[in-house]
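None of the figures in this text is laboratory data; all of them are computed from the coordinates on show. Predicted model only: the values in this text are computed from it and were never measured. All Cβ positions, even for glycine, are placed from backbone atoms using ideal geometry, and neighbour counts span all protein chains on display.
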Amino acid sequence: MNEIDLKLLELLHNGDFVSGEKISEEIGVSRTTIWKHINKLKQQGYQIESATNKGYRLVKIPDRIVPEEVYLGLKTDYIGREIKVFSSLGSTNERAKELARKDFPTGTVVIAEEQTAGKGRLGRSWFSPPGTGLWFSLIVRPDIPPNKAPFLTIIASLTLVKALSELNPELKPLIKWPNDILIDDRKVCGILSELNADLGMINFAVIGIGINVNQDYFPEELSAKATSLKIALNTRIDRTGLLQGILNFFEGYYQKLLEGRFKEILKEWKGYLNILGESVTIYSGSETYQGRVIDISSLGELVIKDNSGKVWSFWAGDVTLRKEEN
Ligand code: BTN
């Protein structure tokens, strides 16, 4: 996309009519040049209405993630200021790790329209069909002790809950400990954070986020457990707007994390957990634990009391959890 296209989109992006005269004045090119660029954008899938005496109006943008469009709606200083979009990748986490090793800065985002080897937690795979979801990874280099790294996933899940609630207050997303986002008891987002650390310091982390956005249905093995925003709201969702919201919220929480406001973050996170007080079964390797969730520790661990009154703490990395029906 060249500079004239970008300026045009910037002038039209709030959806109001802007006259050809004003556009040509602002950009400093002739009205014929403007007209040619409008036609070019239309060929790329932008829907632009033109009306005599009124000018041009942007009606719809194509359903593709275009970094320049994302930048237009960012309120951040450094999160999302460098966005790399790929039509297909194995896994955005893998590509983000490669870029992090090449010194790409905090806030770099790697997005793929499709992942052919999308990774989930505990070695599972993540279903990432083309164009329907948001599959992306964020590079961060937080100056916090490695034992606080789980907070990266915690702030990511808080960010998602906030951005989804802003998208539509009816969604009422909840967090299934440690980091699944549920709507109507079905999974709509997953988070996979990966850490590169040594000698008590974090070199970088990659926070991978998968959001089911515009899927109409899921493969049979997932359909009972998964949902998409489109299914929940019965309407197509603009992925660019959603991504902007996520990046904007993330920067606020990331700042809090850098300032060491762990307690405050944890308190807010607990407010969205759907697990406190519930009876659960925890699977950790070959061991099984049953009990009631009594708290979340200051490190974000799940604390349960088993039937004999013994208290156990679990961090998310190596356990799966099943909530029992009461
Ligand atoms: C889970 O719930 O198991 C975590 C799923 C994380 C999926 C995302 S999609 C973008 C990023 N790239 C990956 O390979 N995985 C994460």
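Being farther than 23 Å from L171 by Cα and acidic (D, E) is the filter here; which residues of region 201-225 pass it? Residues satisfying the conditions are E220, E221.
Within the option set Y46, Y56, being in contact (Cβ under 8 Å) with a residue 40 or more places away in the chain, crowded, with 18+ Cβ neighbours inside 10 Å and away from the ligand (no atom under 16 Å from the Cβ) holds for one residue only, Y56.
The set of residues in region 193-218 being without any contact (Cβ under 8 Å) to a residue 24 or more places away in the chain and either part of a strand (DSSP E or B) or in contact with a Pro (Cβ under 9 Å, 6 or more places away or on another chain) (or both) consists of D198 alone. Taking T92 as the residue in question, decide whether it is surrounded by 18 or more Cβ atoms within 10 Å (Cβ to Cβ), away from the ligand (no atom under 16 Å from the Cβ), of a type in the set (S, T, N, Q) and within 28 Å of N203 (Cβ to Cβ). Judged against the criteria, T92 is not a match. Scanning region 158-175 for residues that are surrounded by fewer than 21 Cβ atoms within 10 Å (Cβ to Cβ), not in a loop (DSSP other than H, G, I, E, B) and not acidic (D, E) yields K162, S165, L167, P169, L171, L174. Selection over region 199-226 of residues that are more than 17 Å from I139 (Cα to Cα), surrounded by fewer than 13 Cβ atoms within 10 Å (Cβ to Cβ) and away from the ligand (no atom under 14 Å from the Cβ) gives a count of 9.
If you go through region 160-175 and keep only what is over 26 Å from R322 (Cβ atoms) and not charged (D, E, K, R), you end up with A163, S165, L167, N168, P169. Among the residues of region 163-218, write down those that are closer than 22 Å to G300 by Cα and aromatic (F, W, Y). Listed by number, the residues that qualify are W177, F204. Does L134 satisfy being within 19 Å of L192 (Cα to Cα), touching a strand residue (DSSP E or B) at 6+ places or on another chain (Cβ under 6 Å) and either not small (G, A, S) or not in a helix (DSSP H, G or I) (or both)? Answer is yes for this residue. Remark: I181 matches the filter, which requires a residue to be within 13 Å of the ligand (Cβ to nearest atom), of a type in the set (A, V, I, L, M, F, W, C), farther than 17 Å from K148 by Cα and assigned to a strand (DSSP E or B). Under the condition of being closer than 12 Å to E324 by Cα and of a type outside the set (S, T, Y), the residues counted in region 276-294 number 8. Taking S87, is it loosely packed, with under 15 Cβ neighbours inside 10 Å, touching a residue at least 24 places away in the same chain (Cβ under 8 Å), more than 15 Å from the chain's Cα centre (by Cα) and within 16 Å of the ligand (Cβ to nearest atom)? Answer is yes for this residue. Within region 107-139, the set of residues being more than 10 Å from the ligand (Cβ to nearest atom) and more than 30 Å from Y283 (Cβ to Cβ) comprises G107, T108, V109, E113, E114, P130, G131, T132, I139.
Being crowded, with 16+ Cβ neighbours inside 10 Å, hydrophobic (A, V, I, L, M, F, W, C) and either farther than 21 Å from G120 by Cβ or in contact with a Ser or Thr (Cβ under 6 Å, 6 or more places away or on another chain) (or both) is the requirement here; does L247 meet it? Here the answer is yes, as L247 does meet what is asked. Return a yes/no flag: does region 176-195 have any residue that is surrounded by fewer than 23 Cβ atoms within 10 Å (Cβ to Cβ) and more than 29 Å from E324 (Cα to Cα). Yes, region 176-195 has at least one match.
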